[in-house]
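> Below are the structure tokens for one structure; questions will follow.
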Amino acid sequence: VVVTGGTGALGTAVVQGLVASGAVVHVPCYASAPESGHPLADLEGVHFTPSVDGTDEEVVGAFYGAIPELWASIQIAGGFAMGPLAETSLANLRAMLDMNTVTCFLACREAVARMRSGGGGGRLVNVGAKPALQPVGGMAAYAASKAAVVSLTCTLAEELAPEGILVNAVIPSVMDTPGNRAAMPDAKHESWPSVDDVAAQILALASPENRVTRGSLACVYGRS
């Protein structure tokens with residue numbers, strides 16, 4: 001299984017869950033592999049590949065092409081920025097599209113090519129965002145980039161179903177992470193979904209036990 005963004009808060013929970021279920025996990029890293037002290041640094045069954053720019057199609061293609069066999073690819077890599085429309089530059093928009101849409105598109109495309117070479121079907125799980133479905137002011141660029149992920153998910157679910165490749169997405173609200181707590185100290189943290197609970201939904205969609213669900217947008221909002 002490939003997990004992009006596998007060293008972040010949600011990615012770490014997903015990778016840990018995959019390893020616990022017996023999977024071999026490949027994590028592309030934008031820079032270097034995580035240092036000692038990171039929860040995944042010494043976890044058996046996890047393979048890190050440094051210097052993988054998720055917006056570079058040749059690099060992404062080489063990464064997926066080097067994986068011996070592939071069952072699932074989970075697209076978590078992305079970024080967040082907000083601001084009113086008048087203060088959102090074209091560069092801001094392109095940055096969000098690169099981080100969220102382009103990384104997802106390239107990972108899905110190259111994962112499908114690798115799955116096809118194995119001939120056994122597979123699973124794709126993408127990560128959208130609540131503002132893509134329930135618009136919030138001040139997030140035009142971010143919401144647009146995640147809405148593209150949602151559309152890509154639904155389109156690929158139809159395109160790839162005949163090959164046994166099931167495509168789904170989870171749609172989180174604000175997740176309960178140390179970074180989000182620090183950024184919003186006065187929010188109702190107890191209402192946010194935990195990364196472990198969101199990871200559990202991702203694992204269920206990526207599992208071989210999921211034999212029928214495709215095109216779903218699993219809204220993992222918790223009580224937020």
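The values are calculated or read from the model by the stated rules, or taken from the named source; none is laboratory data. Model, not experiment: these values are computed from the prediction. Neighbour counts run over all protein chains shown; Cβ positions are idealised from the backbone, glycine included. When the accessible area is computed, the model is the full protein with side chains, heavy atoms only, and any ligands, DNA or RNA have been set aside. Shrake-Rupley method; radii C 1.70, N 1.55, O 1.52, S 1.80 Å.
> At 1.4 Å probe size, with the rest of the protein present, what percent of the exposed accessible area of segment 19-119 is carbon and sulfur atoms?
Values: 3170 of 5650 Å².
The nonpolar share, carbon plus sulfur, comes to 56 percent.
> Can you work out the PRE-style zone for Leu217? Point 7 Å along Cα to Cβ, and I want the residues of segment 160-200 with backbone N under 17 Å.
Only 167-174 fall inside the zone, counting backbone N under 17 Å.
> Here's another thing I want to ask about it. Run the numbers for Leu93 and Ser207: contour at 0.36 nm per residue of separation, minus the present Cα-Cα distance, in nm.
Details: separation 114, 0.36 × 114 = 41.04 nm, distance 3.39 nm.
Contour length minus the Cα-Cα distance gives 37.6 nm.
> I need the GluC sites (Glu not before Pro) found in segment 38-92, filtered to DSSP loop residues with at most 14 other beta carbons within 10 Å of theirs. Numbers along the way, then the final one.
Details: sites: Glu44, Glu57, Glu58, Glu69, Glu87; in loops: Glu44, Glu69.
Filter output for segment 38-92: Glu44, Glu69.
> If you don't mind, there's one more thing I want to ask. What shape does segment 26-76 take by its C-alpha gyration tensor, where a ≥ b ≥ c are the square roots of the eigenvalues and a/c under 1.5 counts as rounded, a/b above b/c as prolate, and the rest as oblate?
Numbers: a/c = 2.16, a/b = 1.39, b/c = 1.55.
Oblate shape, in that a/c is at least 1.5 and b/c is the bigger or equal ratio.
> Tell me the label-point distance for the pair Leu85, Glu159, using the 7 Å Cα-to-Cβ offset, in nm and rounded to one decimal.
3.0 nm
> About the Cα centre, and with charges only on the beta carbon of Lys, Arg (+1) and Asp, Glu (-1), how big is the dipole of the chain? Nearest 20 debye, please.
Numbers: 12 positive and 20 negative charges, 111 e Å.
Approximately 540 debye in magnitude.
> First check a/c for segment 122-219, with a ≥ b ≥ c the square roots of the eigenvalues of its C-alpha gyration tensor; if it is under 1.5, answer rounded, and if not, answer prolate when a/b is larger than b/c or oblate otherwise. Please list the in-between numbers first.
Numbers: a/c = 3.40, a/b = 1.59, b/c = 2.14.
Verdict is oblate for segment 122-219.
> Report the one residue of Leu124, Leu43, Cys154 whose Cα lies farthest in the direction of the positive end of the charge dipole of the chain (charges on C-beta: Lys and Arg +1, Asp and Glu -1; origin at the Cα centre).
The Cα lying farthest towards the positive end belongs to Cys154.
> I'd like the FRET efficiency for Glu44 and Ala182, computed as 1/(1 + (r/R0)^6) with the beta carbon distance as r and R0 of 41 Å, rounded to 0.05. Can you show the working numbers first?
Working: r = 31 Å, r/R0 = 0.77.
Efficiency for this residue pair is about 0.85.
> Quick check: the angle from helix 103-118's long axis to the longest principal axis of the chain, C-alpha only, nearest 10 degrees?
Taking Cα atoms only, the helix is inclined about 20 degrees.
> If you don't mind, another one. For the chain, find the longest principal axis of its Cα atoms and tell me its angle to the long axis of helix 140-160, 0 to 90°, nearest 10.
Approximately 30 degrees, to the nearest ten.
> Now for a different question. Where does helix 9-20 land angle-wise versus the long Cα axis of the chain, in degrees 0 to 90, nearest 10?
That works out to roughly 30 degrees.
> Kindly sort His189, His38 by accessible area of their heavy atoms, largest first, with the probe set to 1.4 Å.
Numbers: His189 25, His38 50 Å².
From most accessible down to least: His38, His189.
> So what is the relative contact order for segment 28-177, in percent, with contacts set as C-alpha pairs under 8 Å and at least six apart? If you can, show how the numbers build up before the last one.
Values: 225 pairs, mean separation 34.8, N = 150.
Rounded, it is 23 percent for segment 28-177.
> Still on this structure, please answer the following. To the nearest 500 deg cm²/dmol, what mean residue ellipticity at 222 nm is calculated for the chain from DSSP H runs of n ≥ 4 alone, each contributing -39,500 (n - 2.57), summed and divided by the residues? Display every interim value, and only then the final one.
On the way: 8 runs with 87 residues, N = 224.
That comes out to -11500 deg cm²/dmol.
> Rounded, prolate or oblate for the chain? Axes are the square roots of the Cα gyration tensor eigenvalues, ordered a ≥ b ≥ c, and the cut-off for rounded is a/c under 1.5.
Values: a/c = 1.40, a/b = 1.28, b/c = 1.09.
Here the chain falls in the rounded category.
> Here is a further query. With a cut-off of at most 10 other beta carbons within 10 Å, and DSSP calling the residue loop, which trypsin sites (Lys or Arg not before Pro) in segment 125-223 qualify? Please list them.
Working: sites: Lys146, Arg181, Lys188, Arg211, Arg214, Arg223; in loops: Lys188, Arg211, Arg214, Arg223.
In loop regions of segment 125-223 (DSSP not H, G, I, E or B), the sparsely surrounded trypsin sites (Lys or Arg not before Pro) are Lys188, Arg211, Arg223.
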